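Every number in this text was worked out from the coordinates using simple rules, so none of it is lab data. Remember, predicted model here, so these are calculated numbers, not experimental data. Cβ atoms come from the backbone with ideal geometry, glycine included; neighbour counts cover every protein chain shown.
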């Protein structure tokens, strides 16, 4: 007797050769059974049509959330030492950064070209001392169009700035910078889906986070083509 | 971020279209599906170190989504949320001819009417092409349970789609 479970296993290729042959033999000799199998096969086909695989969207906010570690609370772990940095008077560079939040421009880099140098040389996940606080590159990205960008974070006391800079001719152009607060434990508040950094990354279109080797190669040639 | 973590994130991004379809199949509504998907991803990113190398990431994610969905259902034990009204499921090519539109809508209605554990199994096996063993591992039930749920789900789908009269009347969109 051809029961429903056997029909399913037959359609799903879960039967061994012997049982498969047995079912085929049944179907050849029993029109009613063959019709049942056909009905199930048709329903499967309709289901696949009714729920097609979604096309990958060029700027899926979830994709941006995944590749941007701001979404990952664990990311705060390696920067605990920074909490020992005394909360001195806010470094002027931080003021400059926040001041340029609304209109990021190249003047942001005029703080001694220091940020440019750090963006050139610092591997992701490594922190460097920066005006009494610290500077850390979070992630390097390459858009499908070939644009190279780096997300970084500057912390000073209990204030922080997240920014995204992209390679433009021979220097780094800051695309967006946003002020953020650091909590006492050292875990910063994860940027929400509407954070300016995530939005800027999403605007890059399809972008891939670079791995260590790719990043090392780019650092070695100063991010030049 | 370590190289492993990057690779994990990249694979997760590549799985998004399939994860989204599974979320839609579970939740039946686009807005709830997106919430399930996003929460599952947040959970996965927090717990990525517990993902064992060599395991299938898709299966692991399906499991997280299924668990999250069940939690959500438990805490919102109120009205059933099964409704495909308003879900925009245009195909990859965006084409649904007038003739097939009603049939596909009827298919979604029949699918939505299934118990959710049957929807989950049907999605994993028929849409995702998982083997019974993989589906059993993903959902955390024996293979025999997968087989019986699948048989019941398919019999119900086939019956509803074969006998036009059984199909629930389709409301006009808009």
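Key figures
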item	result
Inter-probe distance in nm under a simple model that places probes 7 Å from Cα toward Cβ, at residue B:30 and residue A:203	2.5
B:68, A:152 arranged by Cβ crowding within 10 Å, fewest neighbours leading	B:68, A:152
Shape call, the stretch B:1-76: gyration tensor on alpha carbons, a/c limit 1.5	prolate
Which of A:141, A:47 has the fewest Cβ neighbours within 10 Å, and the rest in rising order	A:141, A:47
Residues A:224, B:43 arranged by fewest to most Cβ contacts within 10 Å	A:224, B:43
Gained length - residue A:126 relative to residue A:24, 0.36 nm times residue gap less alpha-carbon distance	30.5 nm
Part-to-part distance (alpha-carbon centres) for the stretch A:196-225 and the stretch A:134-180, which is given in Å	10
Label zone at residue B:143, where the point sits 7 Å out along the Cα-to-Cβ direction: the stretch A:14-57 residues whose backbone N lies under 20 Å	A:14-24
Förster-model FRET efficiency, 41 Å R0, residue A:225 and residue B:75, C-beta, rounded to 0.05	0.20
